[in-house]
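This report concerns only the one structure given below.
What follows is calculated from the coordinates using simple rules that are stated; it is not laboratory data. All values derive from a computational prediction rather than experimental measurement. Methodologically, a virtual Cβ is constructed for each residue, glycine included, from the backbone with ideal geometry; neighbour enumeration extends over all protein chains shown.
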Amino acid sequence: MRRLTSAAMPRYLPRIIIPETELAAFVSGNDLACQAHGLLQQQKAAGEMLRTGYETLQGVRTRAFAFGGIQIKVQFNPGRLISTSAKADARERSRC
């Protein structure tokens, strides 16, 4: 894994870097794909929102329709409905 020297590392970066020792349990190889997959697995283990989001993908249903020689696919994702119907009143929007 490539490392940044302290001179090249922005001040905020050490607060967001996950130590290799923490990732080691999730990484099965040295190539970038294995490291990326390991990071995703670690994030799923550490973060409830991400883990729940991935779990809701199991409930996704798709269906294909043909109209005059054109095929379209539609998707029903109950988890998406929950995330897009979040509270969004004026007070909540003004926080941005």
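So between residue 70 and residue 22, what do we pick up on full extension, going 0.36 nm a residue minus the alpha carbon distance? Present the calculation step by step, with values, prior to reporting the outcome.
Working: separation 48, 0.36 × 48 = 17.28 nm, distance 4.90 nm.
Length difference between fully extended and current span is 12.4 nm.
With a point put 7 Å past each Cα toward its Cβ, work out how far residue 56 is from residue 41 in nm, to one decimal.
Distance between label points: 2.5 nm.
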